[in-house]
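Chemist: Take a look at the following structure, please.
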Amino acid sequence: MHMAQRSFRCFRTMNISRTLRLFSKHLKSPKSHNSYSTEKPSWPRKIFSGIQPTGSLHIGNYLGAISRWVELQNSGEDVTYCIVDLHSITLPQDPIRLRENILNMTAALLACGIDPKKSTLFLQSDVKQHAELGWILGCHTTMARLSHLPQFKEKSSKIKEIPLGLFVYPVLQAADILLYKASHVPVGEDQVQHLQLAQHLAKTFNTKFGATFPHCHALVANDLSNRIKSLRDPSKKMSKSDSDPKSTIYLTDSPDTVADKVKKAITDFTSEVTFDPEVRPGVSNLITIHSLMSGKSPEEICAMNTDVDTGKYKARVAEAVVEHLNPIRMRIEAFSRHPEYLSQVLEEGAQRASEIAETTIQEVKEKLGLGRLRAPKSRKSLEN
């Protein structure tokens, strides 16, 4: 009797050990820090950029960002463009107005030339992996680093009670970029610093867990497109948050509205039309806008307008802006009449984005040891 019990215990122990050995072959545990390959992978060129759905697009957005998006798309680049609605709620939003803004932004992007067949265009909140990777990356940065970011200092200085989302949104911004393993991000000259956290987090994660994310590079335009200033205060950039409505030209402005805003643009007391951004920022801003809208250089524009003073020159600027924006405005109105189509574009884009995002997040979670253990496909494989 005792002999039979000992034999049974021995058999059971051997069977359990054998089963565990077989089971362990199917599990991929995180590698040790020293086992990662030091060989640098060759990352494909991928471009990512995003825009908040807070208000209408103005000509600064269009000339400085969206027109470049279209150029990159039409040159055959692998491009992913995102309407970052999660970023927009770092400050209070009216829900109904936010939904309207999302559709309006989609209509504007399509009207400007973004083609869903050539670009992946989607809504950030439709792809849950953005928030998931944002949390993971947040666990690999520090409060000290976030508090020193200039964009946080700038925005927090304007409000009394600072929401946590405003503090950590640069981490989500980094997640937006890294989730698609973007190698390049189009930014303005004053936005290069925004990429620094993404670069830092990519390097930190790669060092700890092996090559996962590429180093993202800034794509900075070398032309005048990043220098569109406020019409009422040429010392600062054109912005939709400006308190003076006449400071900004929107893509949806009527011809009369455009003409009125340009007419009231701040210039100076010199009547001659000359381009000198340092000495004559107001007139130079109008020349910059005229140049980008017409395709002519500032030098050509100045040479063509020696017969008028700055007051009459404003009418020519307004004419060039209206001529360029009219087709875009009409396309925005046409797309806006079909919200179901706009929703379909975002849905199809989200499906494509989600496939890429899920592959990345599974790779990240596996390296971190997150998620449930993935058992073998069938029970029989353990018993054979």
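The values are calculated or read from the model by the stated rules, or taken from the named source; none is laboratory data. Keep in mind the model is a prediction, meaning the values are calculated, not measured. Note that each Cβ is placed from the backbone with ideal geometry, even for glycine, and that neighbours are counted across all protein chains shown. Protein only, heavy atoms only, side chains kept; ligands, DNA and RNA dropped before computing areas. Shrake-Rupley method; radii C 1.70, N 1.55, O 1.52, S 1.80 Å.
Chemist: Counting Lys +1, Arg +1, Asp -1, Glu -1, what net charge surrounds Glu347 among other residues with beta carbon under 11 Å of its beta carbon?
Modeler: -2
Chemist: For Val279 and Ser243 in one chain, what is 0.36 nm times their gap in residues minus the Cα-Cα distance, to one decimal in nm?
Modeler: 10.4 nm
Chemist: Follow-up question, since we're still on this one. Among the listed pairs Lys229/Lys261; Lys237/Lys261; Lys46/Lys365; Lys264/Lys314; Lys229/Lys264, give every one whose C-alpha distance is greater than 18 Å.
Modeler: Beyond 18 Å: Lys46/Lys365.
Chemist: Please check: in the Gaussian network model of the chain (C-alpha springs, under 10 Å), which one of Pro234, Pro281, Pro92 has the largest mean-square fluctuation.
Modeler: Looking only at Pro234, Pro281, Pro92, the largest GNM fluctuation is found for Pro92.
Chemist: Quick one: net charge of Ala198's neighbours, Cβ under 15 Å, K/R +1, D/E -1?
Modeler: Taking every other residue near Ala198 into account, the sum is +3.
Chemist: Then there is this: Test of understanding: express the Cα radius of gyration of segment 227-347 as a ratio to 2.2 N^0.38 Å, with N the residue count.
Modeler: Compactness ratio reported: 1.18.
Chemist: Follow-up. Could you please state how large a percent of the accessible area of the chain is carbon and sulfur, counting protein chains only and using a 1.4 Å probe?
Modeler: Taking all protein chains in place, the chain shows 54 percent carbon and sulfur surface.
Chemist: Could you check which residue among Ile332, Ile356, Ile114 shows the biggest mean-square fluctuation in a GNM of the chain with a 10 Å Cα cutoff?
Modeler: Sorting by GNM fluctuation, first place goes to Ile356.
Chemist: Comparing Ser67, Ser157, Ser254, which has the greatest mean-square fluctuation in the GNM of the chain with Cα pairs linked when under 10 Å apart?
Modeler: Ser157
Chemist: Report, in whole Å, the centroid distance computed from the Cα atoms of segment 87-121 and segment 334-353.
Modeler: 10 Å
Chemist: Run the helix sum for the chain: -39,500 (n - 2.57) per DSSP H stretch of 4+ residues, divided by residue count, reported at 222 nm to the nearest 500 deg cm²/dmol.
Modeler: Theoretical 222 nm ellipticity from helices: -16000 deg cm²/dmol.
Chemist: Over 32 Å between C-alpha atoms is what I'm after, so list which of Lys160/Lys208; Lys128/Lys158; Lys117/Lys181; Lys240/Lys296 land there.
Modeler: Lys160/Lys208
Chemist: Multiply the residue separation of Ser156 and Val308 by 0.36 nm, subtract the distance between their alpha-carbon atoms, and state the gained length in nm to one decimal.
Modeler: This chain segment gains 50.2 nm when fully extended.
Chemist: With every protein chain left in place, what is the accessible area per residue of segment 255-336 in square angstrom, probe 1.4 Å?
Modeler: Spelled out: the 1.4 Å probe surface of segment 255-336, per residue, equals 52 Å².
Chemist: Lys/Arg Cβ at +1, Asp/Glu Cβ at -1, dipole of the chain taken about the Cα centre: which of His200, Leu179, Leu370 is farthest positive-ward?
Modeler: Positive-end residue among those listed: Leu370.
Chemist: Here's another thing I want to ask about it. Compute the helix-to-body angle for 129-138: its Cα long axis versus the longest principal axis of the chain, expressed 0 to 90° and rounded to tens.
Modeler: 80 degrees
Chemist: Mind checking the angle between helix 196-209 and the chain's longest principal axis? C-alpha axes, 0 to 90 degrees, to the nearest 10.
Modeler: With both axes taken from Cα atoms, the answer is about 10 degrees.
Chemist: So what are the three principal axis dimensions of the chain from its Cα atoms, in whole Å, longest to shortest?
Modeler: Computed over the chain, the largest-to-smallest principal extents equal 116, 43, 43 Å.
Chemist: Still on this structure, I have one more. Sequence-distant or interchain residues sharing an amide H contact under 5 Å with Ala211, placed H: which?
Modeler: none
Chemist: Taking the alpha-carbon centroid of each part, what is the distance from segment 256-318 to segment 180-209 in angstrom?
Modeler: 37 Å
Chemist: A follow-up question, please. Given H placed 1.01 Å from N in the peptide plane, which residues other than close sequence neighbours of Asp78 have an amide H under 5 Å from its amide H?
Modeler: Those qualifying (amide H under 5 Å, at least 5 residues apart or on another chain) are Ile47.
Chemist: By a straight-distance test (C-alpha under 17 Å), which aspartates and glutamates pair with Lys203 as possible cross-link partners, with residues fewer than eight away in the same chain excluded?
Modeler: Correct list for Lys203: Glu39, Asp176, Glu363.
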